Amino acid sequence: MKTMPEIKTILYASDLGKFTRPVFRQAVAQANIHNAKLIMLHVIEPLNDTARAVISAWMPEKAIEEIQKDKMQEIIAHMKERVTKFSDEECDGAGIDKLPLQDIVVVTGRPSEEILLAAEKYHADLIVMGQSSKKVLGSKVMGSSARRVARLSPVPVLIVPNM
């Protein structure tokens, strides 16, 4: 008899958009169902070359790096606040004693690439992410990051409708 694959680690990829709650709920639910640890990932896209060139005309590279570092800390603090708020509003009412969140990770890079790298680094058995953070011509469409991760991931990807 074949056994079901074991899910011990879930990577929840968040864009911190206004439609993240359904995705986060699903990630927490899956972590609780499987008694798995949950890693929350947010990817900050780096400045493109044009933006960096414009900014560097007005301030030194060291100042740009310092601003990016400060912004990273701000995002981590913001994510922790959101997790705490979610826990208070959602988990308590659902009878969940402890949020299974093991770590909050913020990286800079191309979202799909960083999600796949984090899944490998943390030995994720499942990736949970939202369908999209945008609508095109008023319709929901799967975002490019979700499409790329689903296509290239060596582990299952749960794409949650979030709009």
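What ranking do 109-115, 69-75 get when scored by the average of other Cβ atoms within 10 Å per residue, highest first?
Sorting 109-115, 69-75 by mean packing, highest first, produces 109-115, 69-75.
To the nearest Å, what is the center-to-center distance of region 142-159 and region 111-129, using C-alpha atoms only?
10 Å
Could you sort I104, I55 by their accessible area in this structure, using a 1.4 Å probe and putting the largest first?
Largest accessible area first, the residues go I55, I104.
How big is the shadow of the Cα convex hull of region 1-83, averaged over all directions, in nm²?
With the hull built on Cα positions only, its mean projection is 8.1 nm².
The values are calculated or read from the model by the stated rules, or taken from the named source; none is laboratory data. Everything numeric in this text was worked out from a predicted model, so none of it was measured. Glycine gets a Cβ as well: all are built from the backbone with ideal geometry, and neighbour counts include every protein chain shown. These area figures cover heavy atoms from the full protein model, side chains too; ligands, DNA and RNA do not enter into them. Shrake-Rupley method; radii C 1.70, N 1.55, O 1.52, S 1.80 Å.
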